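Peer 1: Have a look at the structure that comes next, please.
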Amino acid sequence: MNIVLNSNWGFSKDFAKFFVGVLCVLLLGEIGAILLCFLSFIYTFQNTDNGIKGITISFIVFAANPVLFNNPLSSTVSLLRIVLLMIFAVKVFVTNREWVPVFIQSLIVFVLVVWAITLMASYEIFVSLSKLLQFGMAAVSILLAFLNTRHPRVYWISWFYTLFVVVLIISLPFYFVPSVGFATNKIGFQGIFNHPQAFAVFLAPFTALLLGEILINNNRNGVVMCVCLLSVVSLVFTRGRTGLLAIFFALLLILFFVFLFNKKIAGRLISPFKKGSNLILLLMGICILAVNYDKVKEAGYEFLLKREGADLRESFKISRGELIDQQRKNIDENPLWGIGFGLPSVRRGIEIQRDPIFDLPVGAYVEKGFFFLAVIEEVGYVGSLFFFLFLFFLFKRIFSGSDIPLIWMGLTGFGTNIGEATLFSFGGMGLLVWFLIGIMITKEEPGVVYVSHQTKLPEPVLN
C-alpha cells in the first residue's frame, strides 16, 4: 500500500521490502555488513541514482545497533566504505552533465582551503587528510548526484521517508526489550540504531516533515498523524534534546531566511493560524499547559537535564560545558588555522582506526558539541570564512523553493548540529544530513502536479 501525502510523495511498499531485506542481511553481523558493502558496489557501478541507494545502504550499516546486529562494524567494513565513496565520487564526476552551481563551487573551494590549512596546522596530518578526503568526496558527489538524478524530487523523499517509517516501526517493539532498545546508556531509547542521540538525529527531520504536512499543508490523513505521533513519542523517549531543539531551531531559521530570500511564501507560514479550528486547538493547548504548568515544567526540566537533582547550569557543564571550554581554549591558541580537520579537542588519547591492509588511518573517534564552534576550532577563522560562504549560497538556493515542509525537514537535519557536530562526519549521522540537503536541491520534474492525499499514485520502482 502507498500512503500518498499532499506533496505527492509517500510510503512505498517496494522500498520498504528493500530496506527490510537490508536489515535481515545485517543480522549476520560483520559478514552481513561486508556483503552489503559489495551489494553497494554493484549498485554504484550501475548509475548515480543507484549509487545514492548504495550509499544509503552504507548509512544503515554504520547506524545499526551493535547488540541487535551482532557488532557489524570493523576496520574492514570501514575500509570498504571509503572504497565505496571513491567509486561513487568517480562515477558521479565522470557522468556529471550539469553545470556546477555556485554553492557547490564554494564547497569545493572550502575543501581546497582546508587541505592547505591541514598541511600547515593539523596535529595529526594523515588523520585530517583522510577525513577531509572522505568529506570532500562524499559531500560534493552527493550534491552533484542529486542534481543529476533522473528521478523527480518526490521519488527521493519517498525513498528516505520509507526508510524512516521502516526504522521507526521496527524499533518500537524494542522499547520493551531494554537490553537492545536501551543498550548504550540504559536511559535513552535507541531503537535499532547504535545510540539514542543518533536515533534522535534520525527521527527529528522526518518529524518536522510530517509536522509541516499537518500544519502547513493541512494534511489530516489519519495514518500520517499516527506516524507523526509515534515519531514524536519516540523522539522524547530517546532523551535526545538535540532532536527536539533542532525542530524549533529550523523553524526559526525558516522564519528568518524566508523574509531574506523568498518573501512570497511567507504568507504560507501564518496561514494555519488564520483558520478558526486551528486557533481553537492552539488556545486549548495553551490552556492545558497553563493548568498543568508545574507538571509540564518539571517534565521539561527532567528532559533537559537528563538527571534528577541537577540544575540547568550543572547539567550543561556535565554534558557540553567542559568540552566547549576546551574548544574555546583551542581557538584562543590556534585562531587562524585551527587544530586540524576532524580532530578531537583533547589531543592526548586519540584513538585512530586503521585499515587492515595498508595500515592507513580511516577514522578517529571525535565528540564535538556546538557545530559552528567546532568548525572554528578545527579550521580556524580562515577556513570558517569559506565554510560560512558556502552556507550562504546553499541557503539562498534552498529558499528559492516554496515547499515549506521539505525545507523544514532539511534544516532540522542541519539544525541537529547544534548539539551534535555531525556535518563533517560521514561515518555517523552526517551522511543523513547531506542526503537531506541533496533532496532540497533536487530539481522538480517538469509537469509534476501536486495532488491531495486522497489521490493514489503509482508506486516508485527500484531500478
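The values are calculated or read from the model by the stated rules, or taken from the named source; none is laboratory data. No experiment lies behind these values; they were computed from the predicted model shown. All Cβ positions, even for glycine, are placed from backbone atoms using ideal geometry, and neighbour counts span all protein chains on display.
Peer 1: Among the candidates LEU235, LEU252, which residue alone is assigned to a helix (DSSP H, G or I), in contact with a Phe, Trp or Tyr (Cβ under 9 Å, 6 or more places away or on another chain) and free of Cβ contacts under 8 Å to residues at least 40 places away in the same chain?
Peer 2: The unique qualifying residue is LEU235.
Peer 1: Among residues belonging to segment 41-56 that are among the hydrophobic types (A, V, I, L, M, F, W, C) and crowded, with 22+ Cβ neighbours inside 10 Å, point out the one that is nearest to SER171 (Cα to Cα).
Peer 2: ILE55
Peer 1: Okay, moving on. Tell me which residues, restricted to segment 387-432, are aliphatic (A, V, I, L, M), more than 18 Å from ILE60 (Cα to Cα) and outside any helix (DSSP H, G or I).
Peer 2: ALA421
Peer 1: Please state which of the following conditions ASN219 fails to meet, knowing it meets all the rest: (1) touching a His at 6+ places or on another chain (Cβ under 9 Å); (2) at pLDDT below 85; (3) in a helix (DSSP H, G or I).
Peer 2: The number of the failed condition is (3).
Peer 1: Picking from PHE387, PHE316, PHE371, which residue would you name as being modelled with pLDDT of 90 or more and aromatic (Phe, Trp, Tyr)?
Peer 2: That would be PHE387, the only listed residue that is modelled with pLDDT of 90 or more and aromatic (Phe, Trp, Tyr).
Peer 1: Then there is this: Cβ-Cβ below 8 Å, separation at least six or inter-chain, first residue in segment 95-123 and closer than 20 Å to THR149 by Cα and loosely packed, with under 14 Cβ neighbours inside 10 Å, second at pLDDT below 95 and of a type in the set (Val, Ile, Thr): which pairs?
Peer 2: THR95/THR48
Peer 1: Can you tell me which residues in segment 64-82 are more than 19 Å from SER425 (Cβ to Cβ) and in a helix (DSSP H, G or I)?
Peer 2: Once the filter is applied, which keeps residues that are more than 19 Å from SER425 (Cβ to Cβ) and in a helix (DSSP H, G or I), segment 64-82 yields only THR76.
Peer 1: Pairs only if they're at least six apart or on different chains, beta carbon under 6 angstrom, first in segment 397-409 and free of Cβ contacts under 8 Å to residues at least 40 places away in the same chain and surrounded by fewer than 22 Cβ atoms within 10 Å (Cβ to Cβ), second basic (Lys, Arg) and in a loop (DSSP other than H, G, I, E, B); list them, first residue then second.
Peer 2: That search, which allows pairs on different chains as well, returns nothing.
Residue by residue, here is whether (1) closer than 23 Å to TRP337 by Cα; (2) modelled with pLDDT of 95 or more; (3) buried (at least 23 other Cβ atoms within 10 Å of the Cβ) holds:
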position	(1), (2), (3)
ILE125	yes, no, no
ALA139	yes, no, yes
THR149	no, no, no
VAL165	no, yes, no
SER171	no, yes, yes
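Peer 1: Additional query: Would you point out the residue of segment 59-71, among those that are closer than 23 Å to SER158 by Cβ and in contact with a Leu (Cβ under 6 Å, 6 or more places away or on another chain), that is surrounded by the most Cβ atoms within 10 Å (Cβ to Cβ)?
Peer 2: In this case the residue turns out to be ALA64.
Peer 1: Right, another one. Can you tell me which of (1) surrounded by fewer than 20 Cβ atoms within 10 Å (Cβ to Cβ); (2) more than 19 Å from the chain's Cα centre (by Cα) is the one LEU211 doesn't meet?
Peer 2: LEU211 satisfies all of (1) surrounded by fewer than 20 Cβ atoms within 10 Å (Cβ to Cβ); (2) more than 19 Å from the chain's Cα centre (by Cα) except (2).
Peer 1: Only one residue in MET137, MET120 is in a helix (DSSP H, G or I) and in contact with a helix residue (DSSP H, G or I) (Cβ under 9 Å, 6 or more places away or on another chain). Which one?
Peer 2: Being in a helix (DSSP H, G or I) and in contact with a helix residue (DSSP H, G or I) (Cβ under 9 Å, 6 or more places away or on another chain) holds for just one of MET137, MET120, which is MET137.
Peer 1: If I filter segment 16-23 for residues that are under 23 Å from the mean Cα position of the chain (by Cα), at pLDDT 95 or above, surrounded by 16 or more Cβ atoms within 10 Å (Cβ to Cβ) and not aliphatic (A, V, I, L, M), do I get at least one hit?
Peer 2: So far as segment 16-23 goes, yes, one or more of its residues are under 23 Å from the mean Cα position of the chain (by Cα), at pLDDT 95 or above, surrounded by 16 or more Cβ atoms within 10 Å (Cβ to Cβ) and not aliphatic (A, V, I, L, M).
Peer 1: Turning to a different aspect of this structure: Residues to consider are VAL83, VAL111, VAL127, VAL90; find the one that is of a type outside the set (Ser, Thr, Tyr) and more than 30 Å from ARG348 (Cα to Cα).
Peer 2: Just one listed residue meets the conditions, VAL90.
Peer 1: When the residues of segment 72-85 are filtered to those that are crowded, with 16+ Cβ neighbours inside 10 Å and of a type in the set (A, V, I, L, M, F, W, C), which remaining residue is farthest from SER130 (Cα to Cα)?
Peer 2: The qualifying residue farthest from SER130 (Cα to Cα) is LEU73.
Peer 1: In contact (Cβ under 8 Å) with a residue 24 or more places away in the chain, within 25 Å of ASN194 (Cβ to Cβ), of a type outside the set (Asp, Glu) and part of a helix (DSSP H, G or I): is that true of PHE19 in this structure?
Peer 2: So PHE19 passes the test.
Peer 1: When you go through VAL92, VAL25, VAL61 one by one, which is the residue that is under 27 Å from PHE393 (Cβ atoms), touching a helix residue (DSSP H, G or I) at 6+ places or on another chain (Cβ under 6 Å) and in a helix (DSSP H, G or I)?
Peer 2: VAL92
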